[in-house]
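Asker: Got a structure here, written out as C-alpha cells. Questions coming.
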Amino acid sequence: MMRILELQIRNFGKFRDQIITFHEGINIIYGENEMGKSTIHAFIRGMLFGIDKMRGRAARNDEYTIRQPWDNPGYFAGAMRFESGGKIFRIERNFNKLEKKALLICESDGEELDIIHGDLQMLMEGLNETAFRNTIFIRQNSSKTDEGLAAELRNYMANFESAGDDEINVVKAIETLKDKQRECAVKKKQQDEVRSERLEQVQIKLDYVEQEIRGLQKQQEDGTIKLQELRSMEAREGLAEQEKRARMEARNREEIKMLKIRQICLFTAAGIAVLMGILLKPLWLKMALGIAAVLLFAYCWYTNRYTRNREQESRQSGSGASKASQKMVWNLERIQEELHEKRVLLENLKENQADILAEKADSNRIQNDIEALEIAISTIQDISREIYKESARKLNHTASDILKEVTGGNYTSIYLDANMQVRINTPQKLLYLEQVSRGTMDQIYFALRMAAAQLFLSGEKMPLIFDDAFVMYDEQRLKRTLKWLYKSDSQVLLFTCHKREGAILEEIRREECFVQK
C-alpha cells in the first residue's frame, strides 16, 4: 500500500516553500477557485512521473510552461515523502530543463534507489502515467476515461497475468514481432532481387561461353576431318612421291657427280692458266690467261652453287605434301588450348552460379523466420484472447459491484466489449452509455476507473486523487460515492471548492461509528 505523507513545494507554480501533509483515509483539501488546487495535484503527478518540456508550438501551453514558477523560473523543484511497503521514501526533483535531476531515497534505511531503472515504478506497482491519469487521478469534468485507458486495458487484459509475468506487454510484443516480420520481408525481397540480377548476369555469360565452346568444338571437328583427309591423301600419294623422290635424287646425284668432275677439271685448267700467265712473258698472253682463269673460277662458283641447290631440292622434294597437314595440326592445338580455357571459365561460372543459388538457402531461412514470426504472433494473439476474456470478466465484475454500490442498486451490471465500448445491463434491456443520465454516466466511469485501478494494481492500494470530480453529483450520489471511498481503505486526496464533501464525510463517519458500536 502506498500513502503520500508530505509535499515539499520548494518552487512550483504559484507556490514557494510550502509544506502540505496528508493522513491516511480521506483527506479533503478545500479551496476556492484559483487557489492552487490544480497546482497541488499537478505537483504530485510531476513528482511521480516528471515534467518534460515539449517542443515547437506545443511548448507554449504545455504542462512545463504552465507549472513553471511565477517567481524565479530557473528554480523549479520540490520533494515528496511517501510510504510504501512499510518503509518511508523521499523523491526529489529539479524540473528545470537545463538542470533536470531526480533522486529517490529510502529514509528508513538510507539507501538511494534508481528511478531510471524502474525502482519508483516498482514502488507504484508498475502503474504508468497513462493508467494513473485514467484511474486513480480524476479531475473536474474529466470523469470520462480517454482513449489511453482503452489502450492500457486492452494491453493489460491481453498480458500473461495468469503466468505471473506482468512485465510482458503483449501489444508491444506483437508490434515488435510484426516489425521484425516486416524487416525480414524487406531483407528477403532485397536479397531475392540482388540474387536474381546476379543469376541473370551469370546466365548471360554462361550462354555466351557455351556458344563459344560449341563453335570451337565445331572447328575442332572440321579440322580433325580435314586432317584425316590430308593424311589419307598423303598415304595415297606417299609411294608415288617416294619413287619420284628416289628418281630425282638419283638424277641429281648423277648430275652433281658430273658437275663435280667438271669443276675439278676447270679448277685444274684455271690453275694451269694462272701458272702459265706467271711464267710466260708476253703481257697480252698474261692478260688472256688471267681472263680465262677468272672465267673458269666464275663458272666453277656457279656450278658449285647449282650443285648445292640440287642437293637441297633433292632433300626437300618430299616435304611440301606434309605442310598442309602440319599447319592443320598446329591449328587444332590452338583450338584445343582455347577449348581448355573456355571450359575452365565455364566451370568457374557454374561454381559462381551454384554459390548464388546456395544463397537462396539464406532466403529460405528468412522465409522460415517470417512464417515462424507469423505463428508466434498468431499464438500470442490466441492466448491473449483467452486471457483477455478472463481479465475482462474480472474488470466487468468489479466495476459492476462498485456501480451497484454507488448507484444504490439502480444499476448492477456493466461490461466492456472488445472495442472498449460500455454496455449497461438492466432487467428490461441492454443500454448504451448515451442512454443514461449525465450523473449516472459519471458514476459508470468512476466505477470503471476504480475497477481498472484494482486490475492494474492487482489489489494493491494507491492514493486516489480527485480534483472537483463530483461537482455534477447530487447529494445522494455523492454520499454513496464517498461512503464507498471511505470503506475502500485507500488514501484519498479530495480537492474541492465545496464544503458539502466535508459535511457528508462527517455524517458517514458518524454512521460508521454508530454501526461499529
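Asker: Check off (1) outside any strand (DSSP E or B); (2) surrounded by fewer than 19 Cβ atoms within 10 Å (Cβ to Cβ); (3) not basic (Lys, Arg) for Ile40 and give me the number that stays unchecked.
Answerer: (2)
Asker: Considering only residues that are among the acidic types (Asp, Glu) and either within 24 Å of Glu83 (Cα to Cα) or out of contact with any Cys (no Cβ under 7 Å at 6 or more places or on another chain) (or both), which ones fall in the stretch 8-38? Explain how you work it out, then say what you get.
Answerer: Residues of the stretch 8-38 that are among the acidic types (Asp, Glu), as a first pass: 17, 24, 32, 34.
The answer is Asp17, Glu24, Glu34.
Asker: Now for a different question. Being touching a helix residue (DSSP H, G or I) at 6+ places or on another chain (Cβ under 6 Å), in a helix (DSSP H, G or I), more than 30 Å from Glu197 (Cβ to Cβ) and not assigned by TED's automatic domain parsing to the domain that holds Glu193 is true for just one of Thr379, Thr398. Which residue is that?
Answerer: Working: Thr379 fails: touching a helix residue (DSSP H, G or I) at 6+ places or on another chain (Cβ under 6 Å).
Selected residue: Thr398, the only one of Thr379, Thr398 that is touching a helix residue (DSSP H, G or I) at 6+ places or on another chain (Cβ under 6 Å), in a helix (DSSP H, G or I), more than 30 Å from Glu197 (Cβ to Cβ) and not assigned by TED's automatic domain parsing to the domain that holds Glu193.
Asker: Determine whether Asn33 is in the same structural domain as Leu103 (by TED's automatic domain parsing), closer than 30 Å to Ile504 by Cα and part of a loop (DSSP other than H, G, I, E, B). Spell out how you get there, then give the answer.
Answerer: On the way: in the same structural domain as Leu103 (by TED's automatic domain parsing): yes; closer than 30 Å to Ile504 by Cα: yes; part of a loop (DSSP other than H, G, I, E, B): yes.
When the stated conditions are applied, Asn33 passes them.
Asker: Okay, moving on. Just give me the residues in the stretch 85-121 being without any contact (Cβ under 8 Å) to a residue 60 or more places away in the chain, assigned to a helix (DSSP H, G or I) and over 25 Å from Ala447 (Cα atoms), in sequence order.
Answerer: Once the filter is applied, which keeps residues that are without any contact (Cβ under 8 Å) to a residue 60 or more places away in the chain, assigned to a helix (DSSP H, G or I) and over 25 Å from Ala447 (Cα atoms), the stretch 85-121 yields only Asp119.
Asker: Given (1) touching a Ser or Thr at 6+ places or on another chain (Cβ under 9 Å); (2) surrounded by 15 or more Cβ atoms within 10 Å (Cβ to Cβ), where does Tyr30 come up short, assuming only one miss?
Answerer: Only one criterion in (1) touching a Ser or Thr at 6+ places or on another chain (Cβ under 9 Å); (2) surrounded by 15 or more Cβ atoms within 10 Å (Cβ to Cβ) is unmet by Tyr30, namely (2).
Asker: Counting residues that are surrounded by 19 or more Cβ atoms within 10 Å (Cβ to Cβ), which strands (runs of 3 or more DSSP E) fully inside the stretch 426-516 reach at least 1?
Answerer: Values: elements: 430-432, 464-467, 492-496.
By residue number, 464-467, 492-496.
Asker: Given the structure, is Ile51 surrounded by 15 or more Cβ atoms within 10 Å (Cβ to Cβ) and either of a type in the set (D, E, K, R) or assigned by TED's automatic domain parsing to the domain that holds Lys37 (or both)?
Answerer: On the way: surrounded by 15 or more Cβ atoms within 10 Å (Cβ to Cβ): yes; either of a type in the set (D, E, K, R) or assigned by TED's automatic domain parsing to the domain that holds Lys37 (or both): yes.
So Ile51 fits the description; yes.
Asker: With the requirement that a residue be in a loop (DSSP other than H, G, I, E, B) and at pLDDT below 90, what does the stretch 411-421 give you? Reasoning before the result, please.
Answerer: Step one: list which residues in the stretch 411-421 are in a loop (DSSP other than H, G, I, E, B), which gives 411-412, 417-421.
Scanning the stretch 411-421 gives Asp417, Ala418, Asn419, Met420, Gln421.
Asker: A further question follows. Surrounded by 17 or more Cβ atoms within 10 Å (Cβ to Cβ) and at pLDDT 90 or above: is that true of Ile4 in this structure?
Answerer: Numbers: surrounded by 17 or more Cβ atoms within 10 Å (Cβ to Cβ): yes; at pLDDT 90 or above: yes.
Yes; evaluated as a whole, the condition is true for this residue.
Asker: OK, next. Does Ser325 satisfy the condition of being over 30 Å from Arg198 (Cβ atoms), touching a Lys or Arg at 6+ places or on another chain (Cβ under 8 Å) and at pLDDT below 85?
Answerer: Working: over 30 Å from Arg198 (Cβ atoms): yes; touching a Lys or Arg at 6+ places or on another chain (Cβ under 8 Å): yes; at pLDDT below 85: yes.
So Ser325 passes the test.
Asker: Specify which of the listed residues (Ala399, Ala358, Ala354) is modelled with pLDDT of 85 or more, under 31 Å from the mean Cα position of the chain (by Cα) and not acidic (Asp, Glu).
Answerer: Working: Ala399 fails: under 31 Å from the mean Cα position of the chain (by Cα); Ala358 fails: modelled with pLDDT of 85 or more.
Only one candidate qualifies: Ala354.
Asker: So Gly78 fits all but one of (1) within 18 Å of Asp467 (Cα to Cα); (2) in a strand (DSSP E or B); what number is the exception?
Answerer: That leaves (1) as the condition not met.
Asker: Shifting gears a bit: Condition check: in a helix (DSSP H, G or I), out of contact with any Ser or Thr (no Cβ under 6 Å at 6 or more places or on another chain) and more than 24 Å from Leu127 (Cβ to Cβ). Does Leu339 satisfy that?
Answerer: Numbers: in a helix (DSSP H, G or I): yes; out of contact with any Ser or Thr (no Cβ under 6 Å at 6 or more places or on another chain): yes; more than 24 Å from Leu127 (Cβ to Cβ): yes.
Yes.
Asker: Let me ask something else about it. Any chance you could count how many residues in the stretch 337-364 are touching a helix residue (DSSP H, G or I) at 6+ places or on another chain (Cβ under 7 Å), polar (S, T, N, Q) and closer than 19 Å to Val209 by Cα?
Answerer: 2
Asker: Tell me the residue from Ile414, Ile402 that is touching a Ser or Thr at 6+ places or on another chain (Cβ under 6 Å), among the aliphatic types (A, V, I, L, M) and touching a residue at least 24 places away in the same chain (Cβ under 8 Å), please.
Answerer: Values: Ile402 fails: touching a Ser or Thr at 6+ places or on another chain (Cβ under 6 Å).
None of the others qualify; the one that does is Ile414.
Asker: Could I ask something else about it? Looking at Phe22, Phe82, Phe49, which one is in contact (Cβ under 8 Å) with a residue 12 or more places away in the chain and within 43 Å of the chain's Cα centre (by Cα)?
Answerer: Working: Phe22 fails: within 43 Å of the chain's Cα centre (by Cα); Phe82 fails: within 43 Å of the chain's Cα centre (by Cα).
Only one candidate qualifies: Phe49.
The values are calculated or read from the model by the stated rules, or taken from the named source; none is laboratory data. The model shown is predicted, which means the values in this text are computed figures rather than measured ones. Reconstructed Cβ throughout: ideal geometry from the backbone, glycine too, with neighbour counts over all protein chains shown.
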